[in-house]
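Trainee: Have a look at this one before I ask anything.
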Amino acid sequence: MIRRPYLAPVLTVSWLIFGQMLLGQTDPGVQSGNRGTGAALASTLANDNPGILAFFNDGLARFQDVEAVSGGANNGLGPRFNSNSCSSCHAQPAVGGTGPATNPQFAFAGSSVAPRDATPSFITANGPTREARFPFFFNSNGTANTGAPNGGVEDLFTVSGRSDAGSCSLGQPSFAAAQAANNIIFRIPTPVFGAGLIENLDDSTLLSNQKKNLSNNFGISGTFNHNGNDGTITRFGWKAQNKSLHIFAGEAYNVEMGISNLLFTQDRPLPGEDGNGGLTGLPANCLNLSGSGYPEDASNPAASGAAVLDDVSAFANFMRTLAPPPTGSVVLNGNTVPASSISNGAALFSSIGCATCHNTSPGSTQKSNITGGLSNAPVNAFSDIEIHHMGTGLADNVSQGGAGGDQFRTAPLWGLGQRIFLLHDGRTTSLLRAIDDHASNGSEANTVEQNFDNLSTSQQQDLLNFLRSL
């Protein structure tokens, strides 16, 4: 981390105007109030493709369903899971967002949700909603075997002891041992507002934008992750590992909630249960716990309208037709920040190099057959959708597709003003810390982060104000 020199308290004329004394710069923090985030695209609300609004509303409702193992309204949970509802992880500041201020995972262990489990030490009441991964498999002595990459999700909880889970009995992963071996990393949920616009960017637009980005003096040279099946650019997830919102939703349903579906059709064992070390997968009494056969989430041919869809398709339609998060005013220490400060911050964001990766827009979408709001629309995501080397400080030693251990997709910044936990693992709630952590050995962002450090205190404040306006 690059340390800034101590700055004595300075009372500037601009802040005297609205009565504030700042010691250095201050992250305005999570902005409250309703900016209108979480609404459908205007074209969807107008039902321009008859039935599309019904798809959005149906998907929104299913996104908030609480899943049961068996015998309930929504069956298929487990045998291992991180949460029991999409919206429990995607809730801030509205359904479809990122992790909320109060972590629902903290209440699961010892309750009817996970009666025999313990709460891992890294899950706290007011900390980020998380998933855990072990970058490497373990040696017999408990150390990390750096020659045996792992990186799969290690689900936090099991259905053991639940009244709707039969005799299934499973142990939780050895999180304490992984922490002792420094062999654990975390991920937090990514918000999905405006995701349909990102999905509808054609590859040629992204490649043309990449060519422009490569012409810079900041040492930045991003690339794309690609789909292993058709070779096209992937774009969802922290490492841009997922091609489409269907795949994104199907993977999450299977990995985060343990629900088999039309895209991921089997119950998922932990990485160490799938044959590594001679193990043979999940025990028989932990399979098909819903009692309905596989996949547990399937289409409903006897239904009509939106109800005919499987859950994963409903989730994808909901995310696809969610509007981008609107920008808003910024309040700092009880006072509304002047528009001139935000405008100046936007100019600095570009001039010091932040926008070389966090492009205001990578381009406009192709024509959509789903709803008009996805057609020929600018994607003001503040991301290039590329993956970049972020250095040793942010590296998680997990590879996904073509993204290596220190590579991450440029996180879209739209909606940042109301985001609580920052960076891929939720390690901080401070924009200053998040900016600092972009700098480390091997990071493409080192020059840009140094440029930020070289700004005056008031300039840094303007840039922070701009970021919280997004």
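The values are calculated or read from the model by the stated rules, or taken from the named source; none is laboratory data. As the structure is a computational prediction, the values presented were derived from the model and not from experiment. Backbone-built Cβ (ideal geometry, glycine too); neighbour counts: all protein chains shown. Only protein heavy atoms, including side chains, enter the accessible area calculation; ligands, DNA and RNA are left aside. Shrake-Rupley method; radii C 1.70, N 1.55, O 1.52, S 1.80 Å.
Trainee: THR102 fails exactly one of the following numbered conditions: (1) surrounded by fewer than 19 Cβ atoms within 10 Å (Cβ to Cβ); (2) in contact with a helix residue (DSSP H, G or I) (Cβ under 7 Å, 6 or more places away or on another chain); (3) over 17 Å from GLY272 (Cβ atoms). What is the number of that condition?
Mentor: The single condition THR102 does not satisfy is (2).
Trainee: While we're looking at this one, here's another question. In the stretch 244-263, what count of residues is obtained for those that are within 19 Å of ALA68 (Cβ to Cβ) and open to solvent by 30 Å² or more (accessible area, probe 1.4 Å)?
Mentor: Final tally of qualifying residues: 2.
Trainee: Looking at SER32, is it more than 17 Å from SER313 (Cα to Cα), small (Gly, Ala, Ser), part of a loop (DSSP other than H, G, I, E, B) and open to solvent by 40 Å² or more (accessible area, probe 1.4 Å)?
Mentor: Criteria met by SER32.
Trainee: Please pick out the residue among THR360, THR280 that is farther than 30 Å from GLU199 by Cβ, touching a helix residue (DSSP H, G or I) at 6+ places or on another chain (Cβ under 9 Å), open to solvent by 20 Å² or more (accessible area, probe 1.4 Å) and polar (S, T, N, Q).
Mentor: Matching residue, one of THR360, THR280: THR280.
Trainee: So which of ILE385, ILE370 ends up being among the β-branched types (Val, Ile, Thr) and either under 29 Å from ASN217 (Cα atoms) or surrounded by fewer than 19 Cβ atoms within 10 Å (Cβ to Cβ) (or both)?
Mentor: Just one listed residue meets the conditions, ILE385.
Trainee: Still on this structure, please answer the following. Quick one: would you say SER299 is part of a loop (DSSP other than H, G, I, E, B) and touching an Asp or Glu at 6+ places or on another chain (Cβ under 7 Å)?
Mentor: In short, yes.
Trainee: Confirm whether ILE342 is more than 24 Å from PHE408 (Cβ to Cβ), open to solvent by 20 Å² or more (accessible area, probe 1.4 Å) and in a helix (DSSP H, G or I).
Mentor: Judged against the criteria, ILE342 is a match.
Trainee: Within the stretch 209-224, is even one residue under 19 Å from the mean Cα position of the chain (by Cα) and either within 20 Å of GLY96 (Cα to Cα) or open to solvent by less than 30 Å² (accessible area, probe 1.4 Å) (or both)?
Mentor: Yes, because at least one residue in the stretch 209-224 is under 19 Å from the mean Cα position of the chain (by Cα) and either within 20 Å of GLY96 (Cα to Cα) or open to solvent by less than 30 Å² (accessible area, probe 1.4 Å) (or both).
Trainee: Can I ask one more? Going by the structure shown, is ASP311 touching a strand residue (DSSP E or B) at 6+ places or on another chain (Cβ under 9 Å), charged (D, E, K, R) and either modelled with pLDDT under 95 or open to solvent by less than 20 Å² (accessible area, probe 1.4 Å) (or both)?
Mentor: no
Trainee: I'm trying to understand the selection: among the residues of the stretch 120-173, which are of a type in the set (Gly, Ala, Ser), part of a loop (DSSP other than H, G, I, E, B) and open to solvent by 10 Å² or more (accessible area, probe 1.4 Å)?
Mentor: If the condition is that a residue be of a type in the set (Gly, Ala, Ser), part of a loop (DSSP other than H, G, I, E, B) and open to solvent by 10 Å² or more (accessible area, probe 1.4 Å), then SER121, ALA125, SER140, GLY142, GLY152, GLY161, SER163, GLY166, SER167, SER169, GLY171 are the ones that fit.
Trainee: May I ask you to say which residue of VAL398, VAL379 is farther than 19 Å from GLU199 by Cα, more than 14 Å from the chain's Cα centre (by Cα) and open to solvent by less than 10 Å² (accessible area, probe 1.4 Å)?
Mentor: VAL398
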